[in-house]
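The values are calculated or read from the model by the stated rules, or taken from the named source; none is laboratory data. Keep in mind the model is a prediction, meaning the values are calculated, not measured. Cβ atoms come from the backbone with ideal geometry, glycine included; neighbour counts cover every protein chain shown. SASA here: full protein model, heavy atoms, side chains in, ligands and nucleic acids out. Shrake-Rupley method; radii C 1.70, N 1.55, O 1.52, S 1.80 Å.
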Amino acid sequence: MDIAIALALRVMTLNCAHGARAPLPPLLVGRAAIARNLDAIGAAIEDVPPDVVGLQEIDRRAFWSGHLDEVALVAGGSHMPHFVFGAHKDVPGLGLHHGTAVLSRPALHDPESTAFHTSPLDDKGWVRVTITPEALGGRAIDVVSVHLDPFTPWARRKQIAMMARAFDHRERPLVVMGDMNAAWGKKGDGDTARLARALGLHAWQPAAPAGGALGTYPAGRPWRRIDWILLSPELAFASYAAVPARVSDHRGVVADVVLAPEARS
């Protein structure tokens with residue numbers, strides 16, 4: 001194994017599709033099938049295996065996914081001892097509790113959950129945590145799991161602007177990963193590129209063909225690259241790949257992250 005990768009922080013992102021494994025309402029899938037799918041997600045994560053995982057479309061005891069604690073089940077199945085969940089749609093009276101999560105082997109500090117609320121129907125948002133991984137020399141970094149709007153560019157751009165304000169005065173290196181529901185764009189005019197510019201982040205081979213090896217959606221035959229890992233300038237990619245396991249309607253993404261040379265010095 002390359003020395004740089006041996007000393008890297010391995011991060012992964014995956015849209016879990018509420019455990020349904022397909023773009024279907026979880027109620028149509030059934031509790032038993034969702035439980036099996038969550039076991040498969042946990043096993044797929046453990047196969048990677050990452051140090052930190054960002055999850056999107058994940059529930060905690062939501063009525064439509066059989067009141068299963070999906071976050072705890074995936075964390076247990078992947079043997080990730082620490083996790084934090086952000087309920088970006090939380091309506092206890094209706095049994096709605098879904099959002100994003102971060103699972104981690106290093107301890108998590110100062111967790112923070114933010115829902116976008118760009119409209120009454122907006123159920124997207126992000127979770128941020130701080131970790132101090134030994135792989136990066138014990139340097140503290142912030143890790144964000146985010147889910148952006150899939151349908152309306154104006155809402156997605158409002159969400160990006162909200163994130164730009166939130167991280168404008170960041171104090172630590174930053175990893176942002178998740179389902180951006182957007183491409184980079186041939187000329188860097190896609191909303192993932194817009195997010196990267198707004199937060200001062202960079203991507204791995206952003207101009208690579210969307211339907212190539214880095215495609216993430218749909219999982220069976222990916223022709224779109226909408227799931228991303230983005231890094232601040234203090235961090236660099238040692239490797240990057242789509243995860244082949246088909247445990248959702250999205251493929252996961254995994255990257256080995258190291259300190260950039262200027263940050264090491």
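Is it true that some residue in region 210-217 is outside any loop (DSSP other than H, G, I, E, B) and either touching a residue at least 40 places away in the same chain (Cβ under 8 Å) or hydrophobic (A, V, I, L, M, F, W, C) (or both)?
no
Kindly establish whether His79 is under 20 Å from the mean Cα position of the chain (by Cα) and either part of a helix (DSSP H, G or I) or surrounded by fewer than 24 Cβ atoms within 10 Å (Cβ to Cβ) (or both).
For His79, the condition - under 20 Å from the mean Cα position of the chain (by Cα) and either part of a helix (DSSP H, G or I) or surrounded by fewer than 24 Cβ atoms within 10 Å (Cβ to Cβ) (or both) - is met.
Confirm whether Asp227 is of a type outside the set (Gly, Ala, Ser), buried (at least 17 other Cβ atoms within 10 Å of the Cβ), out of contact with any helix residue (DSSP H, G or I) (no Cβ under 7 Å at 6 or more places or on another chain) and in contact (Cβ under 8 Å) with a residue 40 or more places away in the chain.
Against the criterion (of a type outside the set (Gly, Ala, Ser), buried (at least 17 other Cβ atoms within 10 Å of the Cβ), out of contact with any helix residue (DSSP H, G or I) (no Cβ under 7 Å at 6 or more places or on another chain) and in contact (Cβ under 8 Å) with a residue 40 or more places away in the chain), Asp227 qualifies.
Cβ-Cβ below 7 Å, separation at least six or inter-chain, first residue in region 137-166 and in a helix (DSSP H, G or I), second basic (Lys, Arg) and at pLDDT 95 or above: which pairs?
Arg157/Arg194; Gln159/Lys124; Ile160/Arg194
If I filter region 121-171 down to residues being open to solvent by less than 60 Å² (accessible area, probe 1.4 Å) and of a type in the set (Asp, Glu), which single residue comes out as nearest to Pro106 (Cα to Cα)?
Asp142
Since Ala236 meets every condition but one in (1) under 16 Å from Val253 (Cα atoms); (2) open to solvent by 50 Å² or more (accessible area, probe 1.4 Å); (3) not in a loop (DSSP other than H, G, I, E, B), which condition does it not meet?
Against the list (1) under 16 Å from Val253 (Cα atoms); (2) open to solvent by 50 Å² or more (accessible area, probe 1.4 Å); (3) not in a loop (DSSP other than H, G, I, E, B), Ala236 comes up short only on (2).
Could you grab me the full set of residues in region 172-186 that are under 14 Å from Arg197 (Cβ atoms) and open to solvent by 20 Å² or more (accessible area, probe 1.4 Å)?
Hits for region 172-186 are Trp184, Gly185.
How many residues does region 81-107 contain that are under 17 Å from Gly178 (Cβ atoms) and either free of Cβ contacts under 8 Å to residues at least 60 places away in the same chain or of a type in the set (D, E, K, R) (or both)?
Here the count works out to 12.
Select from region 18-75 the residues that are among the β-branched types (Val, Ile, Thr) and in a helix (DSSP H, G or I) and write down the one among them that is surrounded by the most Cβ atoms within 10 Å (Cβ to Cβ).
Restricting to residues being among the β-branched types (Val, Ile, Thr) and in a helix (DSSP H, G or I), the top hit is Val74.
Does Thr192 satisfy the criteria of being at pLDDT 95 or above, in contact with a Pro (Cβ under 7 Å, 6 or more places away or on another chain), of a type outside the set (Lys, Arg) and open to solvent by less than 10 Å² (accessible area, probe 1.4 Å)?
no
In region 168-179, how many are under 17 Å from Phe237 (Cβ atoms) and more than 9 Å from the chain's Cα centre (by Cα)?
3
For region 82-119, what are the residues that are within 14 Å of the chain's Cα centre (by Cα) and either hydroxyl-bearing (Ser, Thr, Tyr) or open to solvent by 40 Å² or more (accessible area, probe 1.4 Å) (or both)?
Hits for region 82-119 are Phe83, Phe85, Thr100, Ser104, Ser113.
Which of the following residues is under 17 Å from the mean Cα position of the chain (by Cα) and not hydroxyl-bearing (Ser, Thr, Tyr): Val52, Val29?
Going through Val52, Val29 in turn, the sole match is Val52.
Any idea how many residues of region 141-165 are among the aliphatic types (A, V, I, L, M) and in contact with a helix residue (DSSP H, G or I) (Cβ under 9 Å, 6 or more places away or on another chain)?
Here the count works out to 7.
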